[in-house]
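Each remark here refers to the structure printed beneath this line.
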Amino acid sequence: MVSFEPSEEQQLVRDTVAAFAQEQVRPQARASDESGEIPASLVEQGWELGLTQALIPEAYGGAGEAHSAVTSALFIEELAWADLSIACHLLAPRLLVVPLIEAGTEEQKRRLLPRYTQASFAAATAAVVEPRWDFDLASLSVTATRRNGSYVLSGTKCFVPLAAEAEHVAVFARVGNGDEVGVFLLERGTAGMNILEREKNMGLKGLATYEVAFEQCRIPTEQRLGGAAGCDVNRLLNLQRVALAAAAVGVARAAFEYARDYAKERKAFGVAIAQKQAIAFMLAEMAIEIDAARLLTWEAAWKLDRGEDATREAVLAKQYAANMALMVADRGVQILGGHGYIRDHLVELFLRNARGFATFEGLLTA
Amino acid sequence: MIDFELPPQVQQARDMVHMVAETMMRPIAREYDEREHEKPWDFLHTMWEASKATNPVSFGGGGKKEPGTPSVRNLQTVVSIEELSWGDAGLYLSIPNPGLGGAAIAAAGTAEQRERFLARFRSGPPKWGAMAITEPHCGSDTAAIATTAVRDGDHWVLNGTKIFVTSGKMAAQESDGFVVVWATVDKSAGRAGIKAFVVERGTPGMTVVKVEDKMGIRASDTAMIVFENCRIPLDNILGNPEVQRSTEGFKGAMATFDATRPAVAASAIGIGRAALDFVRAELEKQGVKIRYGVSRNKLTAIERDFMDMEATLQAARLLTWRAAWLMDQGRHNNLEASMAKAKAGLAVTQVTQKAVELLGPLGYSRKYLLEKWMRDAKINDIFEGTQQINLLIVARRILGYSSKELN
């Protein structure tokens, strides 16, 4: 039955996260972008929201709540609205926990999940993107080769959040010579997994991301997610796409609201610039496109929650939201004019972050 | 709870209407594009017989329901209109029904007026309703309306010229219909002086002087109507006859658009889907399949274009469903209706124009319907408030400005 209204439960999660995002995260956005650091106290506060622990079954110490991509999309938008870097940092453990919940064997869950139900933040991550212009989830260049009862990983990943402190890394790799993709659960310090220097990117500067090189990295076959048969990796990728689409909507909304408020204050020729159609129409289009992308995102998430294949919807939502976020953030800067270019204002940060969505994969998961 | 599943009754209606679109509209679409100003009477009679019972394409009125009793009526309407317009948008617009005039009566009329003017759509021969707002010198600027309504004893006397009246000829001349005419009772009062009047077919002084030749939607007549000392009964005015200080009455009339804009958006989406289906089928004939899971940087230009078209159309569809759903909940949807209309009108314009480009000679040739869909599509970016007027409404809403503050 068609409805555009979150359930009461979803609304509660959304409101709680929105309040945290506004009061705690947003004030830290600029400082994190400048320093590259996120205060440990903020990370702990974020952890207390329970957005990761909620999904973990009670048997392993979590709250055992049902995993919903729609609910995830709602709170990811709120956190990304406040700051994309901090959102990715706070939610990084989900990059391991969600795949485990979705596809892990009992043994894998039992071994790994309890680590993520502790009182303190525990970092985990996923290694998805590779440093090449034609990076393609459908044909990865990091490979996992079966050899003498083990898998040997080789190749290089990039944009791996929190790799240096992560307890576990979920590595997406091509298995064999075809297009089969497997996810491998590596523990911190595994021989042959080399965490390289922290990356320096145009945006997302508050988030510590790394290149990770695999050289003769040999792991037991039991560390393949889902066991010997593997799992539905496409579904995991679609959950990531939906999450990034929701984050793009959040960043765009941030830019829109900032520019809207500025345009109502700033006077030119005797009136607020928002009273000029040139500005007002830009804002109207931004508002329409944000809603458009959000609805596409919700629809893809809804389809995933029904357990259906949502590849088409998730891909389209992510692409649409990525393009939309860039357009909206660019206009955000444009509406502030010269001031938009100065780092006193947040819109330039939103634009640098928004440009990344075309490239980002695997930084978040719904 | 957020949900995108159409209720079973809406799905059934959609399937039924789709069959009509495919078997009755598509086969005659080209013919009535070429034979402009002629009517597909067999089709119109069939649609009339069907709509007398179920009225699948009436819109509006959702907001009039008792609070707490949500329906799916407007959702079903937009879903059905999408199907009919997938069949053919011009033929869809020519279907006998109360039309925009009927929507205005449903939104602003008294119970007695609704019965008097709308009951006729339940029986007898086919009938049309129409709405006359635009004048030769003004369109979106409705406050500049120059057609006058002067009270003379038991009558209102209308004088002026209206253009772009959809189904105006059918409503005013060819059937037992009516035209809802916007006129001013007091020019000095500006918008507050604008009122809507129902003029019955054949009323002396109302003359259809011209039916326009158009770029598209040629199966639908677009009339110019002149009112010359046209006398109508006093109680044919919709809403309060008094000129108030505020523009409440005017706003009431404008509220009609909150119901009709999602309907226009739905029609736009139907045309866009037709174009997209055709492009997909032609590509598949040549073995080109759209690869959704592949990196954007490795896709062909055609794949990228196609995916962008598909996403933008789906986004427009969801905005439209949302606007209809709000109305079904009895909630305000002024902002969302304009968002849907602005988005869908532009989306279908861009999608169909790009589709013609993608298919090259197949797109440009009148041997296929695609070029027609591009011509039909453009009207959706114009009527029921142009793209720009809808952006203006959205802008005022999101900025909290009145029409004085942002114009």
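The values are calculated or read from the model by the stated rules, or taken from the named source; none is laboratory data. Since the model is a prediction, treat every value here as computed from it, not as a measurement. For neighbour counting, all protein chains shown are included, and Cβ atoms are generated from backbone atoms with ideal geometry for every residue, glycine included. Side chains included, ligands, DNA and RNA excluded: accessible areas come from the protein's heavy atoms. Shrake-Rupley method; radii C 1.70, N 1.55, O 1.52, S 1.80 Å.
I need a count of the residues in region B:198-242 that are under 24 Å from residue B:114 (Cα atoms) and in a strand (DSSP E or B).
12
Checking the condition open to solvent by less than 60 Å² (accessible area, probe 1.4 Å), more than 24 Å from residue B:2 (Cα to Cα), in contact (Cβ under 8 Å) with a residue 24 or more places away in the chain and facing chain B (nearest Cβ under 10 Å), which residue from A:263, A:272 passes?
Details: A:272 fails: in contact (Cβ under 8 Å) with a residue 24 or more places away in the chain.
The conditions single out A:263.
Can you pull out every residue in region A:295-310 that is open to solvent by less than 20 Å² (accessible area, probe 1.4 Å) and either more than 9 Å from chain B (Cβ to nearest Cβ) or touching a residue at least 60 places away in the same chain (Cβ under 8 Å) (or both)? Explain how you work it out, then say what you get.
Our first condition is that a residue be open to solvent by less than 20 Å² (accessible area, probe 1.4 Å); within region A:295-310, this holds for A:295-298, A:300-301, A:304, A:310.
Within region A:295-310, A:295, A:297, A:298, A:300, A:301, A:304, A:310 qualify.
Check region B:381-403 and report whether any residue there is at pLDDT 95 or above, open to solvent by 40 Å² or more (accessible area, probe 1.4 Å) and farther than 20 Å from residue B:254 by Cβ.
No, every residue in region B:381-403 fails to be at pLDDT 95 or above, open to solvent by 40 Å² or more (accessible area, probe 1.4 Å) and farther than 20 Å from residue B:254 by Cβ.
Among the residues of region B:145-173, which ones are of a type outside the set (D, E, K, R), over 15 Å from residue B:208 (Cα atoms) and open to solvent by 30 Å² or more (accessible area, probe 1.4 Å)?
Filtering region B:145-173 for residues of a type outside the set (D, E, K, R) gives B:145-150, B:153, B:155-161, B:163-168, B:170-173.
Those left that are additionally over 15 Å from residue B:208 (Cα atoms): B:145-150, B:153, B:155-157.
Hits for region B:145-173 are B:146, B:148, B:150, B:153, B:155.
Scan region B:275-321 residue by residue and report those that are assigned to a helix (DSSP H, G or I) and more than 14 Å from chain A (Cβ to nearest Cβ). Talk me through it step by step, then tell me what you get.
As a first pass, look at region B:275-321 and keep what is assigned to a helix (DSSP H, G or I): B:275-285, B:296-298, B:301-321.
Selection gives B:275, B:277, B:278, B:279, B:281, B:282, B:283, B:284, B:285, B:301, B:302.
For region B:349-370, indicate whether the set of residues that are within 17 Å of the chain's Cα centre (by Cα), open to solvent by less than 30 Å² (accessible area, probe 1.4 Å) and touching a residue at least 12 places away in the same chain (Cβ under 8 Å) is non-empty. First the steps, then the outcome.
Of the residues in region B:349-370, the ones within 17 Å of the chain's Cα centre (by Cα) are B:349.
Filter once more, keeping what is open to solvent by less than 30 Å² (accessible area, probe 1.4 Å): B:349.
Adding the requirement that they be touching a residue at least 12 places away in the same chain (Cβ under 8 Å) leaves B:349.
So far as region B:349-370 goes, yes, one or more of its residues are within 17 Å of the chain's Cα centre (by Cα), open to solvent by less than 30 Å² (accessible area, probe 1.4 Å) and touching a residue at least 12 places away in the same chain (Cβ under 8 Å).
Determine whether residue A:153 is in a loop (DSSP other than H, G, I, E, B), of a type outside the set (S, T, N, Q) and either modelled with pLDDT of 95 or more or open to solvent by 50 Å² or more (accessible area, probe 1.4 Å) (or both).
Numbers: in a loop (DSSP other than H, G, I, E, B): no; of a type outside the set (S, T, N, Q): yes; either modelled with pLDDT of 95 or more or open to solvent by 50 Å² or more (accessible area, probe 1.4 Å) (or both): yes.
For residue A:153, the condition - in a loop (DSSP other than H, G, I, E, B), of a type outside the set (S, T, N, Q) and either modelled with pLDDT of 95 or more or open to solvent by 50 Å² or more (accessible area, probe 1.4 Å) (or both) - is not met.
Can you run down the residue pairs with Cβ atoms below 8 Å, 6 or more apart or on separate chains, where the first is in region B:279-294 and open to solvent by less than 40 Å² (accessible area, probe 1.4 Å) and the partner is among the polar types (S, T, N, Q) and modelled with pLDDT under 95?
Once the first residue is open to solvent by less than 40 Å² (accessible area, probe 1.4 Å) and sits in region B:279-294, no partner that is among the polar types (S, T, N, Q) and modelled with pLDDT under 95 comes close enough.
Here's a check for you: in region B:329-346, which residue that is more than 21 Å from residue B:374 (Cβ to Cβ) and surrounded by fewer than 24 Cβ atoms within 10 Å (Cβ to Cβ) is nearest to the chain's Cα centre (by Cα)?
B:334
Could you grab me the full set of residues in region B:310-328 that are aliphatic (A, V, I, L, M) and open to solvent by less than 10 Å² (accessible area, probe 1.4 Å)? Give the derivation first.
If we filter region B:310-328 for residues that are aliphatic (A, V, I, L, M), which is where we start, we get B:311, B:313, B:315-316, B:318-319, B:323-324, B:326-327.
Within region B:310-328, B:311, B:313, B:315, B:316, B:318, B:319, B:323, B:324 meet the criteria.
Can you say whether residue B:257 is buried (at least 19 other Cβ atoms within 10 Å of the Cβ), modelled with pLDDT under 95, of a type in the set (Phe, Trp, Tyr) and more than 21 Å from residue B:150 (Cα to Cα), as far as the supplied structure shows? Lay out the reasoning, then the answer.
Values: buried (at least 19 other Cβ atoms within 10 Å of the Cβ): yes; modelled with pLDDT under 95: yes; of a type in the set (Phe, Trp, Tyr): yes; more than 21 Å from residue B:150 (Cα to Cα): yes.
Here the answer is yes, as residue B:257 does meet what is asked.
Can you report the number of residues in region A:228-260 which are buried (at least 24 other Cβ atoms within 10 Å of the Cβ) and touching a Phe, Trp or Tyr at 6+ places or on another chain (Cβ under 6 Å)?
6
Which is outside any strand (DSSP E or B) and more than 14 Å from chain B (Cβ to nearest Cβ), of A:119, A:170? Steps first, answer last, please.
Values: A:170 fails: outside any strand (DSSP E or B).
Of A:119, A:170, the one residue that is outside any strand (DSSP E or B) and more than 14 Å from chain B (Cβ to nearest Cβ) is A:119.
Output the number of residues of region A:189-214 satisfying the condition of being aromatic (Phe, Trp, Tyr) and free of Cβ contacts under 8 Å to residues at least 60 places away in the same chain.
Within region A:189-214, the first condition is being aromatic (Phe, Trp, Tyr), and the residues that meet it are A:210, A:214.
Then drop every residue that is not free of Cβ contacts under 8 Å to residues at least 60 places away in the same chain, which leaves A:210.
The qualifying residues number 1.
For a quick check of your reading of the model, give me the residue pairs whose first member lies in region A:215-244 and is within 14 Å of chain B (Cβ to nearest Cβ), whose second is among the acidic types (Asp, Glu), with beta-carbon atoms closer than 7 Å and at least 6 apart or on different chains.
Pairs that qualify, where the first residue is within 14 Å of chain B (Cβ to nearest Cβ) and the partner is among the acidic types (Asp, Glu), are A:235/A:102; A:236/A:102; A:240/A:361.
Only one of these conditions is not met by residue A:65: (1) within 14 Å of another protein chain (Cβ to nearest Cβ); (2) part of a loop (DSSP other than H, G, I, E, B). Which number is it?
Residue A:65 satisfies all of (1) within 14 Å of another protein chain (Cβ to nearest Cβ); (2) part of a loop (DSSP other than H, G, I, E, B) except (1).
Here is a check on your reading of the model: is residue A:118 surrounded by fewer than 24 Cβ atoms within 10 Å (Cβ to Cβ) and at positive phi?
Values: surrounded by fewer than 24 Cβ atoms within 10 Å (Cβ to Cβ): yes; at positive phi: no.
In short, no.
Residue check: is residue A:366 part of a helix (DSSP H, G or I), touching a helix residue (DSSP H, G or I) at 6+ places or on another chain (Cβ under 6 Å), among the small types (Gly, Ala, Ser) and open to solvent by less than 10 Å² (accessible area, probe 1.4 Å)? Outline the logic, then answer.
Working: part of a helix (DSSP H, G or I): no; touching a helix residue (DSSP H, G or I) at 6+ places or on another chain (Cβ under 6 Å): yes; among the small types (Gly, Ala, Ser): yes; open to solvent by less than 10 Å² (accessible area, probe 1.4 Å): yes.
In short, no.
For residue B:28, are the conditions met, namely being within 14 Å of chain A (Cβ to nearest Cβ), crowded, with 17+ Cβ neighbours inside 10 Å and at pLDDT 95 or above? Steps first, answer last, please.
Details: within 14 Å of chain A (Cβ to nearest Cβ): no; crowded, with 17+ Cβ neighbours inside 10 Å: yes; at pLDDT 95 or above: yes.
No, not satisfied.
Any idea which of (1) basic (Lys, Arg); (2) more than 10 Å from every other protein chain (Cβ to nearest Cβ); (3) in a helix (DSSP H, G or I) is the one residue A:318 doesn't satisfy?
Result: residue A:318 fails condition (2) only.
What about residue A:292, is it over 18 Å from the mean Cα position of the chain (by Cα), open to solvent by less than 30 Å² (accessible area, probe 1.4 Å), at the interface with chain B (Cβ under 7 Å from one of its Cβ atoms) and under 16 Å from residue B:318 (Cα atoms)? Give the steps one after another, and end with the answer.
Working: over 18 Å from the mean Cα position of the chain (by Cα): yes; open to solvent by less than 30 Å² (accessible area, probe 1.4 Å): yes; at the interface with chain B (Cβ under 7 Å from one of its Cβ atoms): yes; under 16 Å from residue B:318 (Cα atoms): yes.
Here the answer is yes, as residue A:292 does meet what is asked.
Could you list, in sequence order, all residues of region A:137-150 that are within 14 Å of another protein chain (Cβ to nearest Cβ) and surrounded by fewer than 16 Cβ atoms within 10 Å (Cβ to Cβ)?
Taking region A:137-150 first, the residues within 14 Å of another protein chain (Cβ to nearest Cβ) are A:137-141.
A:138, A:139, listed by residue number.
Cβ-Cβ under 6 Å, sequence separation 6+ or interchain: first residue in region A:1-30 and more than 7 Å from chain B (Cβ to nearest Cβ), partner part of a loop (DSSP other than H, G, I, E, B). Which pairs?
A:25/A:83; A:29/A:83
For every residue, the table says whether it meets (1) among the polar types (S, T, N, Q); (2) surrounded by fewer than 20 Cβ atoms within 10 Å (Cβ to Cβ).
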position	(1), (2)
A:45	yes, yes
A:50	no, yes
A:53	yes, no
A:69	no, no
A:74	no, no
A:86	no, no
A:90	no, no
